[in-house]
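First comes the structure, then the notes that go with it.
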Amino acid sequence: MIALEQVTDDPGRLRRAFGCFPSGVTAVCAMLEDQPIGMAASSFTSVSVEPPLVSVCFQTASATWPRLRTAPRLGISVLAEDHDEICMSLSRRSADRFADIAWDHAPEGAVFVHGATAWLDCSVHSEVPAGDHTVALLEINCLQADPDAAPLVFHGSRFRRLAAI
């Protein structure tokens, strides 16, 4: 029999359990005041085909999400396996997260990272408060994907690569 432990006030223990589930890593970015802003997010998932929706979770303490949510369009870039430094740059609290990142933007303002495995041009559909996070449902307006490109994987607080079997 498996001996489960009660959830305690130790957030590190809970984070370690969450870290057992591998996830892809995305960049959520937009143009605001003629400057790119964005952040990395690993809590990305597909939600619906009709209407086309994805979700991303943001900490309620985030200073970036309140700015991003005002943009008419958001770019979601599914980061590729060699984008670990890009992910780290987009995760830092620095003035210019885009200093060493090759990027482009769509006319409506969505910003995309070069070399990603997929690009989704989205608009905010709705938001749901969820504990210390906000779940943002984003409607996909346009997309491009390269399913043969290998994604960046985050697991156990480290970046990993997929192995071919």
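The values are calculated or read from the model by the stated rules, or taken from the named source; none is laboratory data. All values derive from a computational prediction rather than experimental measurement. Counting neighbours? That spans all protein chains shown, and the Cβs are built from the backbone with ideal geometry, glycine included.
Hey, does segment 118-128 have a residue that's in a loop (DSSP other than H, G, I, E, B) and either at pLDDT 90 or above or more than 24 Å from THR60 (Cβ to Cβ) (or both)? No, because not a single residue in segment 118-128 is in a loop (DSSP other than H, G, I, E, B) and either at pLDDT 90 or above or more than 24 Å from THR60 (Cβ to Cβ) (or both). Within this structure, PHE98 fails the test of being touching a residue at least 24 places away in the same chain (Cβ under 8 Å), surrounded by 12 or more Cβ atoms within 10 Å (Cβ to Cβ), touching an Asp or Glu at 6+ places or on another chain (Cβ under 6 Å) and among the aromatic types (Phe, Trp, Tyr). In this structure, ALA149 does not satisfy being modelled with pLDDT of 95 or more, more than 18 Å from LEU32 (Cβ to Cβ) and not in a strand (DSSP E or B). For segment 82-95, the tally of residues that are surrounded by 11 or more Cβ atoms within 10 Å (Cβ to Cβ) and of a type in the set (Gly, Ala, Ser) stands at 2. Within segment 89-103, the set of residues being of a type outside the set (S, T, N, Q) and under 12 Å from the mean Cα position of the chain (by Cα) comprises just one member, LEU90.
Do we have any residue at all in segment 64-75 that's surrounded by 13 or more Cβ atoms within 10 Å (Cβ to Cβ), more than 12 Å from the chain's Cα centre (by Cα) and farther than 16 Å from VAL28 by Cα? So far as segment 64-75 goes, no, none of its residues is surrounded by 13 or more Cβ atoms within 10 Å (Cβ to Cβ), more than 12 Å from the chain's Cα centre (by Cα) and farther than 16 Å from VAL28 by Cα.
If you filter segment 116-165 down to residues that are farther than 15 Å from ALA27 by Cα and of a type in the set (D, E, K, R), you find that the one that is surrounded by the fewest Cβ atoms within 10 Å (Cβ to Cβ) is ASP148.
Got at least one residue in segment 41-53 being touching a Leu at 6+ places or on another chain (Cβ under 7 Å), buried (at least 18 other Cβ atoms within 10 Å of the Cβ), closer than 24 Å to PRO151 by Cα and not small (Gly, Ala, Ser)? No; the residues of segment 41-53 include none that is touching a Leu at 6+ places or on another chain (Cβ under 7 Å), buried (at least 18 other Cβ atoms within 10 Å of the Cβ), closer than 24 Å to PRO151 by Cα and not small (Gly, Ala, Ser).
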